[in-house]
Structure formats: C-alpha cells, structure tokens
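Student: Can you read through this structure? Questions will come right after.
Any read-out appearing in this document is the output of simple, stated calculations on the displayed coordinates, not a laboratory observation. Nothing here was measured: the structure is a model prediction, and the numbers come from that model. Using ideal geometry, Cβ is built from the backbone for each residue, glycine included, and neighbour counts are taken over all protein chains shown.
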Amino acid sequence: MARVLITGARAPVALHLARLFHAAGHAVLLADSQRYPIAAATRMKQAYRRLPSPRGNVAAYAAAVSELIAEEGIDLVVPTCEEVFFLAAARDLGGEAIPLFAPDFGTLAAAHHKGQFAADGADLGGGPPPTQVVTSAAELRALGYERDRVLKPAWSRFASRVLVRPTPDATAAVVPLPTDPWVVQTYLPGEEICGYGVAVGGRLLAFSAYRPRYRAGAGAGIAFAPADDSAALQFATAYAHRTGWTGQLSFDYRRDAQGTLHAIECNPRAVSGVHFFGPGDGLAEAMLEGRPAMPTETRTLAAPLAMLVYGLGEALRRRGVRDWWRDFRGMADLFAFPGDRGFVLPQLLALAEIASVAVRSGKSLQQAATDDIEWNGEPLGQAGLPEALKAT
C-alpha cells in the first residue's frame, strides 16, 4: 500500500483521483490552500491538510509540503492544478525532497509557455498551427492585422484574456510585455477536442480524449463527452516521448478547415479527462507502477451545479433552454461514485468560499478559483526561469 498525497483538492479531478487511489488500496491524503475544497469532503481519504498559498509565498508553501511529506511518510505526490510549478520549483530549484509525479521544472515551464510549446511540437504530426511570440505593442503591430488569428497570453489558462478573431481595435488594445508575452496563432475553424494523459519516462501509459459540451464562460469545461481520435493520441505519444515526460499532461486540439487535428496548447496538469477512468481501469497503477491504463467510461459527464450556474445562463443567452434541459437530463453526474457521499453540500461550500474571495478581491469567480495557485512565468528559486524561456 502506498501513501499518496493529492494536491489541488479544490479541483473535481483531485476528488476523482483520490477515489481511484483509494479503490486501488492506497492511503490518500489531500491538501490545498482553501478551507473547503471540494475533494476534502470525500470519505475516501485519511486526512485533509490546509497549506499556505504557494503564489507569492513559495518558501512557506515548500516548507509546509515537506513537513507534511515527512510526517505522513508520503510515497508519491500527485498535483492536479498549477501548484505543480511551485512543487517542481521546490524540488528542483530549492532542493526539497518531494516525490513529485511531474517532470523537471524546465520541462513543465516549456510546456506551459504557449509559444515554446508551439515551437517544440511544430514538427510532430498534428503539431500547433503557425505561432509567433510578441513582447511589445510594436512587435504586435509589425505583424500587421489579420482577422483569422488568435491572440492569447503565453502564460494563461482557461481561455483567460484570449481573443479569437479579434477586431483591429481589440488587437490594438493588447499590450504585450517582456514579463507578459503574448502569442499570435493562426485561427483554426474546426471542432475542439481535449486530451489527458499519463506518462512515465517518456512512455504514454494512459490517454483519454473528450469533447467539451458546456463551459464556464470561455474557459473550463463543465460537461464533456468521450472522443476517439487517433491523431490526438499520436501527438500526445510523440510529445511525451520527445520530452521524456513523467507525470500528467493534457492538450487542447482543434481542427483546421481541411479537418486535420492540431494541438494548440499544452496544460502540464490534470484535466477533466481523468473522469473517464473508472476504479478498475488502472490509472493509479500507471502512476505508481508504470503500467498501462485504459479509460472505460462512455457516458457524457457533467458537474450539475456548474451546469445550473453557467450552462443555464449560456442557454438563456442563446435561447436554447430546451436543448440545455435535454442535455442536462441525459448527462451523468461526475461527482457520483460508489461508496462515497453525495456532493451537493460540498459543492455549495466550495462555491461560497470562492465567491467570498471574488467579492473581496473584485475578481470573477473563475479568477478567484485559481488566483492563489497560478504561475505566470515569475522566477521561482535562485535559478529563476530556464534560459531558453527567457529568450523566447
């Protein structure tokens, strides 16, 4: 039996991973900086530990994690959100003994930087479309104006500040900086697919592809259906091999006008594809023992409360309430799991905590949900950013 620490307990994927490790016979501990993260309510854990926020307080966070690992005899730390960057920095740049299921800090940073990822994956089958990095308004103007492109910060998540086919005025309002670089990427008009994978030593052991059905605004998916796409799998396999990846890695893909699938960005963390792995599918064994795993869930999954908060609002704006209601009734609850409690109250508590942060900070719910764990390229530790990224 292994003792596994899952961080980022605010994320539904952390809850699902905790259940999978518990079902596989392992002891599970959860950690986060929130008071009421949703995964902390599961019966399938030994303990929940509240940690300091990593953003802006890396030393305190690293010390708290190291203390928890030593006290509890943790064998593996499985991150789920962007705390992975702070954990990797503590391990690789700070010398902390963290048994982290993630690649080295430089590899993580290169995957997270949308311009660097596009360069690294350009010659792999199904690689990113043409992408350029700009660090000033002058560089952006020098590219001229084209309608069919996407502008987005190089360090971002959940479609934050993304401009899809922007107008000339919207383009002119973008002010890239060396500390806030942007990428200019060719717009692809086809369907979107997402993918989640687990790799060890560059070998992709598990992969699930899925289609987002509903989103929280333009960002995170709140309902999704499984997809079977060989091109998505092939790119993930090639990228994991090239980088020698050990850990979780996820991709967003989009089809071009000819129907060819392209990876447009990488998220070096867990995403909703985790939910398509059931308790007998071997995902825990893939992480702990390096064995292959295969997802077996075939239903469309949804977060019911999020579907009410975000999905219904989208349906009202688009006058599609009847379609939304049909979809809502036909989707399976991603929080349901044999032997665990219902999660209506934990969802409400988690939402209330995030809403409180949003009100106090003047930020949106989505921003408040991740602000204290985001990493946007700031130097971490004495080594700071990898030299290759400084020059990007």
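Student: Can you order the peptides 164-175, 358-369, 241-252 by their average number of other Cβ atoms within 10 Å per residue, highest first? The partial results should precede the final answer.
Tutor: Details: 164-175: 12.9, 358-369: 15.1, 241-252: 21.5.
The most tightly packed comes first, giving 241-252, 358-369, 164-175.
Student: Run the reach check for LYS363 against aspartates and glutamates, Cα to Cα strictly under 18 Å, same-chain hits fewer than 8 apart removed. What comes back?
Tutor: Candidates past the 8-residue exclusion: GLU353, ASP371, ASP372, GLU374.
Student: Would you mind calculating the gained length between THR296 and VAL321 on full extension (0.36 nm times residue separation, minus the Cα-Cα distance), in nm to one decimal?
Tutor: So the extension gain works out to 5.9 nm.
Student: Moving to a separate point now. Counting other beta carbons within 10 Å of each Cβ, put ASP256, ASP228 in order, fewest first.
Tutor: On the way: ASP256 14, ASP228 10.
With the sparsest Cβ surroundings first, the list reads ASP228, ASP256.
Student: Identify the residues of segment 193-215 with backbone N under 20 Å of a label point that sits 7 angstrom from the Cα of HIS241 along the Cα-to-Cβ direction, or state none.
Tutor: Under cut-off, by backbone N: 195-209.
Student: Taking the Cβ of ALA270 as the center, what net charge do the other residues with Cβ under 13 Å away carry, scoring Lys and Arg +1 and Asp and Glu -1?
Tutor: Details: positive: ARG10, ARG157, ARG269; negative: GLU82, GLU83.
So the surrounding residues net to +1.
Student: Suppose a student asked you for the relative contact order of segment 159-252, using Cα pairs under 8 Å spaced at least 6 residues apart; what percent would you report?
Tutor: Relative contact order comes out at 30 percent.
Student: Which of MET331, MET287 has the fewest other C-beta atoms within 10 Å, and how do the rest follow up to the most?
Tutor: On the way: MET331 22, MET287 26.
Neighbour counts put them in this order, fewest first: MET331, MET287.
Student: Then there's this: Which translational diffusion coefficient, to the nearest whole µm²/s, is obtained for segment 130-187 from the Stokes-Einstein equation, given a Kirkwood hydrodynamic radius over C-alpha pairs, 25 °C and 0.890 mPa s? Write down the numbers at each step before the final one.
Tutor: On the way: Rh = 11.1 Å.
Estimated diffusion coefficient is 221 µm²/s.
Student: Still on this structure, please answer the following. Relative contact order, percent, of the chain when contacts are C-alpha pairs under 8 Å separated by at least 6 residues? List each step's numbers first, then the result.
Tutor: Numbers: 807 pairs, mean separation 68.9, N = 392.
Computed value for the chain: 18 percent relative contact order.
Student: Given springs between every Cα pair under 10 Å in a Gaussian network model of the chain, which of ARG213, ARG19, ARG141 has the largest fluctuation?
Tutor: Sorting by GNM fluctuation, first place goes to ARG141.
Student: Treating only the Cβ of Lys, Arg, Asp and Glu as charged (+1, +1, -1, -1), what charge dipole size does the chain show about its Cα centre? Round to the nearest 20 debye. Could the numbers behind the result be given before it?
Tutor: Values: 38 positive and 39 negative charges, 241 e Å.
Its charge dipole is roughly 1160 debye.
Student: Could you work out the per residue convex hull volume over the alpha carbons of the chain, in cubic angstrom? Show your work: numbers first, answer last.
Tutor: Working: hull volume 53.8 nm³, N = 392.
Dividing the Cα hull volume of the chain by its residues yields 137 Å³.
Student: With a cap of 14 neighbouring Cβ atoms within 10 Å, and only residues DSSP puts in a loop, list the trypsin sites (Lys or Arg not before Pro) found in segment 21-57. Mind dumping the intermediate values first?
Tutor: On the way: sites: ARG35, ARG43, LYS45, ARG49, ARG50, ARG55; in loops: ARG35, ARG43, LYS45, ARG55.
Listed in order of number, the matching sites are ARG35, ARG43.
Student: A further question on this structure: In 10 Å bins starting at zero, report the fraction of Cα pairs in segment 81-130 per bin as a rounded %.
Tutor: 26, 41, 25, 8
Student: Taking the Cα centre of segment 1-75 as origin, work out the dipole magnitude from +1 charges on Lys and Arg Cβ and -1 charges on Asp and Glu Cβ, in debye rounded to 20.
Tutor: Numbers: 9 positive and 5 negative charges, 67 e Å.
Dipole of segment 1-75, to the nearest 20 debye: 320 debye.
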